[in-house]
Every structure is written in C-alpha cells, then in structure tokens.
Amino acid sequence: MVATHTTRATQPHDAAGPRAGHPGRRGLSPRLSRELFPRLSPRRLLRLSPQAEGLLALLVTVAIWAAFALSARALSASSLLPADAALLRFGVPLVVLLPALWRRRRRIAAVRPGAAAKIICGAGVPFFLAAMHGGALTSAAFVGSIVPGMVPLFVSAIMIGRGHGVPRGTQAAGLALIAAGVAALVWRYVVPVDTDVLAGSGILLVASGLWALYTVGLREVDLDPVGSIGLLCLPSFAVIAVLVLTGVLPTGIAHATGGDIALFLVVQGLGVGLCAGLLYAFAIRRLGAERSSVVGSLSPVAVVLLAVPLLGETPTLAVLVGVPLITAGVVLANRRPRPEVPADA
C-alpha cells in the first residue's frame, strides 16, 4: 500500500482516488502485474522447497520432543498426576482425528496382533508412565538424552536377536558413543549412591527400550501416520481410563489448575500426541530417514538449553559431557553404510 499526500481538493474530479477494489489509473492492473512480475506473487513468495518444508517440519518436531522431556520433569511440580497427563496425551488425538480414524477402522483392525502389541506397549501407557516417573526422579536432560538416545542401541539389539548382522564401522562406533554418553550421565550418582537418580535412570532405560519396540512395530504395519496414531491412542486411552475409573491410578484432574491442564493439553495432546507423529512422517518423506534422524538427534541439546530458563536446571559436568556424546552417537548410529563397489567396476 502506497500513501500519497495529495487531497481531493487538489485532484481532478476523475483522479479523486481509486474506487474500492480498483487499482487506480496510476497503478498496474492485476493482469499486467502478473505478466510483468510472475515470480513476485504472494503464493510464490511463501512457497518453500520440499527440502525446506521437511526441515521446518523436523525442527518443529524436535521442539515438540524437547517439550515432552520438559513436561515429564515439570509434571512432578504440577497439579496434575501422571494418569491425568496420559488421558490428555491419548484422548486429544482421538477427538481431533475421529472422522479420519473412522474411515481407517478396517485397516487398523486388520493389523496383526503381534505388531499392534509392539506399538501399543512401546509408545502407549507403559512407555508414558515410565517416562513420566523417570523424569520425576531425574532431570529433563536425562529424559531428553536417555529415552531417544538409547533407542538405536536397543533397536540394534532387537535386530541382532532376530538374526541380523552385528553393526560395524560408523554404526558400531555410534552405539559405543551412546553407551559412553549414558555412562557419563550417571557416573557421578554411583559414588556416593543416589538411589533416586539411579532408579529414575533405570526407568528411563526401560522407557527407551519400549520406544525401540514401538519403532520396530511401526515397520511391520501398513498404516499411514493417522492410522498409526489411532492404533496407538485408542487402546491406550481405553486402558488408562479403566485404570482411573477403577481407582488403580489416582487422578487429580478435577482439582487441577486451568493453566496446568492447558499446558499438558497443548504439549502432550496436540503436540506429542498429534503433531509430532504427523510432522515427523512428513519430514521423513521430504528429507529421508537418515537426514531426519541426524537433525532429530539435536533433541537432547535442545532439552538441555531449554531446561535452563524454563525449569531452572543447571547443566552439570556429567550432562555437558554425556549429552554431546549421545548426540554424536545417534548421528553415527543412523548412518547407513555405503554399498561396496566391486573391484572390477
């Protein structure tokens, strides 16, 4: 929009100003503008390349993963209990995606029980409660590093158990760095013994192993991201609802503050439960699994940086050593070996 300093009194009658919606005599017509400046249209200016779209989706996903680790630690200081957070985590995606899930009901029901069990246990109620409880006993840095960081090592162990080859080269080096990073995180709590931190670290290792099971299960099902979310959230919500209604798990959502409910609804329900799964699948299609996993390895670093201003956590020497080791290990562990070139090629 261009402003002029002339007034109606000084303008000719037919130049008193353009009519609403009219370009005016001194402006270019919309057709002529498109012909002269075809690349300057708003749609073209806002259009991103597929790689840029994938990178943007992945960066948002990393931020959501970091928010999950922070919320796992913040839950212990909120008015919500783990069961309340789980209800929001698994219930919100079901409400939002209900029409789409209804259209996919036959494909979801056709998933083999073994693969469905890996997904439901690996990322459902057992994983969620383990991550929340482990985060309450440790720190956000532990959640953000151990849970995603140990997944490649656990997945490799599952693959070896199935008869696949032992990782070699850079992948083996990456797994070794991950193990060294986790050891660096917990060593200072061994002497003298800090039972809470060690117990929390063990629980987080269980959560990471469950997530590895979920990762393997995803490879065995023929579902799109929306169908995978439905397969996970529907039975998980039903289980947590039964546990709450029967009194096995306590609930405090009736007396929780509105701010805590809104926070976990956005972070756990909309963020982790809905957006992270869809955006990560979108990023993999745009960037490929290898590049996505490399950028995704920045999640522990983001957790450590965000925990300082948001939770008041101060990175210890163990965190400053362990987190970079785990991040580097995840990058190397997700590198695919290059195919060997025949000598006579």
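Where a number appears in this text, it was derived from the coordinates with a stated rule and is not lab data. Computed from a predicted structure; not experimentally measured. Note that we place each Cβ from the backbone using ideal geometry, even for glycine, and neighbour counts take in every protein chain shown.
Points to keep in mind about this one:
- FRET efficiency estimate (nearest 0.05) - Cβ-Cβ, R47 to A199, R0 35 angstrom: 0.10
- FRET efficiency, A183 to R162 (Cβ-Cβ, R0 22 Å, nearest 0.05): 0.25
- When only the Cβ of Lys, Arg, Asp and Glu is charged (+1, +1, -1, -1), the dipole of the range 73-186 relative to its Cα centre reaches about 680 debye.
- Gap separating the Cα centres of the range 320-335 and the range 160-214, nearest whole Å: 12
- Residues with amide H under 5 Å from that of G252, placed H, sequence gap 5 or more: L81, D84
- Treating r as the C-beta distance of L317 and L56 and R0 as 45 Å, the FRET efficiency rounds to 0.85.
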